[in-house]
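Q: Handing you this structure, nothing more for now.
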Amino acid sequence: MTITEKKYIEIMRRKTGEERLKISLDLRKLVLKLAEASIKSENPKITPKILFKQLQERIYGLGFYSQNSGK
């Protein structure tokens, strides 16, 4: 483990559960925005439906959308 990783863990341990949850949710939002922007840059004319499908596949893996599309 690097010094940076140790420092990060030390900082996170001092935070409350609510603070850590907020950080996690903010990071999740950022990852989704970055993935969406990447998909749109590859295909600027993508439809919202196809964008959703590709985003799900990128986040959860191939086959996720087709297995869960009926739910």
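Q: Do any residues in the range 38-67 that are under 24 Å from LEU27 (Cβ atoms) have Cβ atoms under 7 Å from those of residues that are modelled with pLDDT under 85 and in a helix (DSSP H, G or I), where the two are at least six apart or on different chains, and which pairs are they?
A: From the range 38-67, the pairs are LYS53/TYR65; GLN56/PHE64; GLN56/TYR65; GLU57/PHE64; GLU57/TYR65.
Q: Any idea which residue in the range 32-52 is nearest to the chain's Cα centre (by Cα), counting only those that are surrounded by 12 or more Cβ atoms within 10 Å (Cβ to Cβ) and of a type in the set (A, V, I, L, M, F, W, C)?
A: Going residue by residue through the range 32-52, those that are surrounded by 12 or more Cβ atoms within 10 Å (Cβ to Cβ) are 32, 35-36, 38-40, 46, 50-52.
Those still in the list that are of a type in the set (A, V, I, L, M, F, W, C) too: 32, 35, 39, 46, 50-52.
On the way: LEU32: 4, ALA35: 7, ILE39: 13, ILE46: 20, ILE50: 18, LEU51: 15, PHE52: 13 Å.
Out of the qualifying residues, it is LEU32.
The values are calculated or read from the model by the stated rules, or taken from the named source; none is laboratory data. Bear in mind the structure is a predicted one, so any value in this text is a computation, not a measurement. All Cβ positions, even for glycine, are placed from backbone atoms using ideal geometry, and neighbour counts span all protein chains on display.
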